[in-house]
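Let me begin by presenting the structure, written as C-alpha cells, before commenting on it.
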Amino acid sequence: MLRRSIAFLLAVFLLFSSLVFGFTICIDPGHQEKGDPTHEQIAPGSTETKARVSTGTRGVKTGIPEYVFTLEFSFLLRDRLVQEGFDVIMTRERHDINISNIERAKIANEANADLAIRIHADYSANSEVKGFMLLIPSPDSIHTAPIYSESRRAAEKIMASLLNISGISSLGIRQRSDMTGFNWSKVPVLIFEAGFMSNPEEDVLLASQDYREKLVEALVSGISDYFLSR
C-alpha cells in the first residue's frame, strides 16, 4: 500500500512538472543600489520621460533598502519556481548594476518570457497604510492592450492565492498606464508590491523569513494555477 501511495504521488508530481516545464518566468528585482536620474521615454514614441531607475524606498523600522529586499525576495522566488519546473531568468543578481526600466522590459522580451513579474515594496506618507497590491498594464493604452488580458488573468490567479495567507492585507489589482516597464513590455507582466515599508508593522513583517516564504509559496501557487489553466 505504501509503495502504491508513493508511486501515485510521484506520478502526480511528474505530471504537474511536465505541465509547467518549458514556461519561462522573468523576475525583475526592483531598483538597484545607485539610482540613475537620467531620463528615458515612458513609452515607445512618447515625449514624456522618467528617470531610468531609482534606489527605491527604505524600511522605516528595519532600515532595509527596498533594492535589498527585492533581490533577496527574488532569489527565494526563483529557487521555488525552478523547483516546480519553470525556467527562470533574472534581470539582475547583484546591487551594483545600472539597468533601466526599458532595459529590464527588453530582457523579458528578448527571452520571450511567458510571464514577467516585477518585485517591489511600497511607500506612503501615511504610515498607517499597509497591504500588498498587484499592478497590471492598462487595457486602454496602445502599448499594453495586447498584453492586458493575460496580465490580468495571471494577476487574478496570484491574488486568489495570496488571499489564502492568514491575516494578509490586500489593496487589490490596479491598472497603470504610466509604468515604463509595462509600456515597453511585449510579454504579460505584473508588479507585485509586497507591502509598505513605510508602515512599521508591515516593514518588520517583510523582513521576516517566515513571511517572505509564505508570500513566495502563494506567488508560486498562483503562477502555477495561471499556466495550468491556459
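For region 81-201, the extents of the C-alpha atoms along the principal axes are 40, 36, 33 Å, listed from largest to smallest. Across region 23-228, C-alpha contacts under 8 Å between residues 6 or more apart give a mean separation that, scaled by the residue count, equals a relative contact order of 28 percent.
Neighbour counts of C-beta atoms inside 10 Å place R174, R118 in the sequence R174, R118, starting with the fewest.
Loop-only GluC sites (Glu not before Pro) in region 67-143, please: DSSP not H, G, I, E or B, and at most 14 other Cβ atoms within 10 Å. Sparse-neighbourhood loop GluC sites (Glu not before Pro): E93, E128.
Normalised by 2.2 N^0.38 Å, where N counts its residues, the alpha-carbon radius of gyration of region 17-106 equals 1.26. Residues whose amide H falls under 5 Å from that of Q175, counting only those 5 or more places apart or on a different chain, are I136, with hydrogens built in the peptide plane. The slack in the chain from V82 to D36, taken as 0.36 nm per residue of separation less the alpha-carbon distance, amounts to 13.4 nm.
The Cα-based radius of gyration of the chain, divided by its Kirkwood radius, gives an Rg/Rh of 0.98. A convex hull fitted around the alpha carbon atoms of region 165-222 yields 115 Å³ per residue. Between E156 and E48, the contour length at 0.36 nm per residue exceeds the Cα-Cα span by 35.9 nm.
Determine the shape class of region 54-113: with a ≥ b ≥ c the square roots of the Cα gyration tensor eigenvalues, call it rounded for a/c under 1.5, and otherwise prolate if a/b is greater than b/c, oblate otherwise. It is oblate, given that a/c is not under 1.5 and a/b is not larger than b/c.
Of S124, S138, S198, the sequence from fewest to most neighbouring Cβ atoms within 10 angstrom is S124, S138, S198. Mind giving me the FRET efficiency for I173 and L228? R0 is 22 Å, r the Cβ-Cβ distance, nearest 0.05 is fine. Result of the calculation: an efficiency of 0.65.
We did not get these values from a lab; they are worked out from the coordinates using the rules stated. Note that the structure is a prediction, hence the values are computed from the model and not measured. Reconstructed Cβ throughout: ideal geometry from the backbone, glycine too, with neighbour counts over all protein chains shown.
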